[in-house]
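Only one structure is covered here, and it is reproduced in the block below.
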Amino acid sequence: MYNMVPGEQGNWVAQLRRGAAEACVLSLLGVQERYGFELARALTDNGLVASEGTIYPLLTRLRQQGFVETTWRESTEGPPRRYYRLTADGQIALASFADQWKLFRNAVDRILQSGQP
């Protein structure tokens, strides 16, 4: 395996975070509409993204894929904010990810715990 140096998390952790962050955004939006900084804070606080700046390209991709839609709203604390909400296609994508994640997580856990498939 590449980049698996003892004591070093390496690139593989970044890849796991990147894949999970998208599903976590969809899940957060499944509960309620949120603006970009609010999503970024939730992901950085939970260690899913390294910096708040990485969330905006992810949100752009989700919007282009039709998984989220946006509206602009005035803010009492500064400039207008872009709010994101989950679309029907986003709900389908989230449900699909959740199903696949369970299978993936269970397989990894099984192998890590037993050393066998």
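Output the residue which, of all residues in region 32-45 that are more than 11 Å from the chain's Cα centre (by Cα) and not charged (D, E, K, R), is farthest from ARG81 (Cα to Cα).
Ranking the qualifying residues of region 32-45, first place goes to GLN32.
Quick one: in region 83-117, of everything that is of a type in the set (Phe, Trp, Tyr) and closer than 26 Å to LEU16 by Cβ, which residue is surrounded by the most Cβ atoms within 10 Å (Cβ to Cβ)?
Within region 83-117, the subset of a type in the set (Phe, Trp, Tyr) is 83-84, 97, 101, 104.
From what is left, the residues that are closer than 26 Å to LEU16 by Cβ are 84, 97, 101, 104.
Values: TYR84: 25, PHE97: 18, TRP101: 13, PHE104: 12.
Out of the qualifying residues, it is TYR84.
Between LEU112, LEU62, which is assigned to a helix (DSSP H, G or I), of a type outside the set (Asp, Glu) and over 21 Å from the mean Cα position of the chain (by Cα)? Before the answer, list the steps.
Values: LEU62 fails: over 21 Å from the mean Cα position of the chain (by Cα).
Just one listed residue meets the conditions, LEU112.
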Complete set of residues in region 64-82 that are within 19 Å of ARG41 (Cβ to Cβ) and surrounded by 13 or more Cβ atoms within 10 Å (Cβ to Cβ): VAL68, THR70, ARG81, ARG82
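Computed from the coordinates by the stated procedures, all read-outs in this text should not be read as laboratory data. As the structure is a prediction and not an experimental result, all values here were calculated from the model. As a convention, Cβ positions derive from the backbone with ideal geometry for all residues, glycine included, and neighbour counts pool all protein chains shown.
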